[in-house]
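Here the structure is laid out as structure tokens; the discussion comes afterwards.
The values are calculated or read from the model by the stated rules, or taken from the named source; none is laboratory data. Everything quoted here is computed from the prediction, not taken from an experiment. Glycine also receives a Cβ, built like all others from the backbone with ideal geometry; neighbour counts cover every protein chain displayed. Note: areas computed on protein heavy atoms with side chains; ligands, DNA, RNA excluded. Shrake-Rupley method; radii C 1.70, N 1.55, O 1.52, S 1.80 Å.
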Amino acid sequence: MSSKKTTTAKDQPTLSAEETAELGMILDRLAVQTPGGESFEVYLQSLRNSLRARPILAAALLDSLSRSPSPTGFRTFEALERVVEASPFKKSAKKAAYRFAQKGFTASENRSAPEKIILIKEEQRKPLAHLFQLQGAMWIVSALIPEASSGGYSLITAFLEDDFSAFNVRVVESTGQKRYKEYLQMLSAHSSQRAAQIPLHHAARLFFEMLDFWTGKGSYAHLERAREILKRYRNTEAKPYVHDLLAPLEDPEQFFSEVDIETLTKDMDLSWLRFDKNELAPWREKLKQLDGAILVVPREVLAQRSLALISEAGDMLCSKGKRLLFTRFFEEQAMTFKLAGDEQKAHRAWIVATALAGGSPAGKNPAVSKMVMDSLHHYWPEDFPEPGKPLENQHRTQSGIILP
């Protein structure tokens with residue numbers, strides 16, 4: 001079968017470029033198999049499990065094999081015939097059977113009953129994906145994906161580091177779920193939270209979002225291999241997985257009073273949300289200029305003005321791509337809390353995320369206000385007294401600003 005073969009019949013398989021490449025790898029693997037060998041039977045069972053949910057690829061494979069009939073091809077046909085017959089491409093199975101019969105390959109040559117041989121349970125061939133929230137790394141995504149071409153698995157790990165400048169991606173061959181579970185345990189040892197099991201389509205979303213957030217340039221082999229595998233599972237129309245777990249909120253601003261932002265973010269790595277120093281500098285100067293009015297303006301009014309400036313800074317700085325980052329960050333936090341059974345934190349993170357995803361002013365969001373203050377403290381710690389040692393005659397406002 002030519003790798004460029006297509007057909008206009010609706011009940012005949014038409015492959016994408018990725019599926020065509022995968023078909024070529026399967027054919028290459030079959031070309032070196034020995035009919036009747038134990039390893040071949042194991043591979044056929046693995047292949048059948050992998051293609052049960054992908055009948056279009058199974059149909060294309062049988063079509064290709066039947067055009068150059070061989071004992072290996074016929075055994076593969078026997079293993080996959082029922083998969084294709086139960087799909088919209090059943091005519092492909094009939095045509096393949098006819099071609100094999102013309103060359104003398106018929107059902108009477110079946111040497112075994114593959115449907116009764118359970119060498120690898122179907123559920124063990126399903127893909128798995130997890131998300132870790134670790135300090136120093138953004139969204140450590142891991143995925144174990146069955147590969148029909150090899151009968152094994154691809155283990156993908158991806159995460160951002162170094163303030164978005166390093167996108168670490170690794171793709172290795174894996175023997176199966178046992179090794180994957182050991183790998184998850186190793187990662188869990190560095191996390192205060194359990195791994196969140198997520199659908200593969202959501203893992204693919206996170207991978208491509210990290211690729212967009214990445215400030216580096218160029219590419220490398222592992223990144224391209226992961227991109228090739230995960231784009232099969234990417235669904236740009238689907239919302240983040242958290243939308244399947246939590247109910248939408250109408251007017252999320254009304255719930256801001258429920259959000260204890262310090263408690264919510266206590267164990268989060270917020271460095272990913274820090275605002276740019278140069279963009280924040282003018283707002284620092286405006287806050288410092290409030291000091292000049294201390295003799296004629298009541299302290300309460302001064303506090304209100306400082307809060308208004310913090311809110312205004314949040315509106316200006318948390319926009320476009322930065323606002324999307326904030327939204328996705330707290331959506332993933334809400335999802336992680338929900339999957340861990342922490343309903344209260346899931347709800348609070350969801351309030352923050354939903355408000356950011358909608359039209360609510362960013363400056364009113366408790367998470368944005370906190371990050372304005374945290375960023376100020378990070379870049380200009382001299383503006384703040386040491387913890388537990390406030391300077392004489394100084395006053396701290398509700399926003400955290402220190403006033404004379």
Please go through the range 32-53 and give me each residue that is open to solvent by 20 Å² or more (accessible area, probe 1.4 Å), touching a helix residue (DSSP H, G or I) at 6+ places or on another chain (Cβ under 8 Å) and at pLDDT 80 or above, ordered by number. R52
Filter result for F256 (modelled with pLDDT of 95 or more and within 31 Å of the chain's Cα centre (by Cα)): no
Yes or no: A281 open to solvent by less than 70 Å² (accessible area, probe 1.4 Å), in a helix (DSSP H, G or I) and within 23 Å of S306 (Cβ to Cβ)? yes
Identify all residues within the range 196-226 that are in a loop (DSSP other than H, G, I, E, B) and either among the hydroxyl-bearing types (S, T, Y) or open to solvent by less than 50 Å² (accessible area, probe 1.4 Å) (or both); write none if there are none. I198, P199, W214, T215, G216, S219, Y220
F164 fails exactly one of (1) among the hydrophobic types (A, V, I, L, M, F, W, C); (2) surrounded by 21 or more Cβ atoms within 10 Å (Cβ to Cβ); (3) at pLDDT 85 or above; (4) under 29 Å from E228 (Cβ atoms), namely (2)
If the requirement is being open to solvent by 70 Å² or more (accessible area, probe 1.4 Å) and part of a helix (DSSP H, G or I), which of these qualifies: R170, R179, R234? R179
Can you tell me which residue in the range 137-149 is surrounded by the fewest Cβ atoms within 10 Å (Cβ to Cβ), limited to those that are of a type in the set (G, A, S) and modelled with pLDDT of 85 or more? A137
What are the residue pairs meeting all of these: first residue in the range 215-241, first residue touching a residue at least 24 places away in the same chain (Cβ under 8 Å), second residue part of a loop (DSSP other than H, G, I, E, B) and among the charged types (D, E, K, R), Cβ atoms under 9 Å, and 6 or more apart or on different chains? T215/D163; I229/E147
Filter the range 105-135 down to the residues that are open to solvent by 40 Å² or more (accessible area, probe 1.4 Å) and over 25 Å from S46 (Cβ atoms), then identify the one that is modelled with the lowest pLDDT. S108
Given (1) under 22 Å from F164 (Cβ atoms); (2) crowded, with 17+ Cβ neighbours inside 10 Å; (3) of a type in the set (A, V, I, L, M, F, W, C), index of the condition L270 fails: (2)
Small (G, A, S), more than 19 Å from G151 (Cβ to Cβ) and not in a helix (DSSP H, G or I): is that true of S87 in this structure? yes
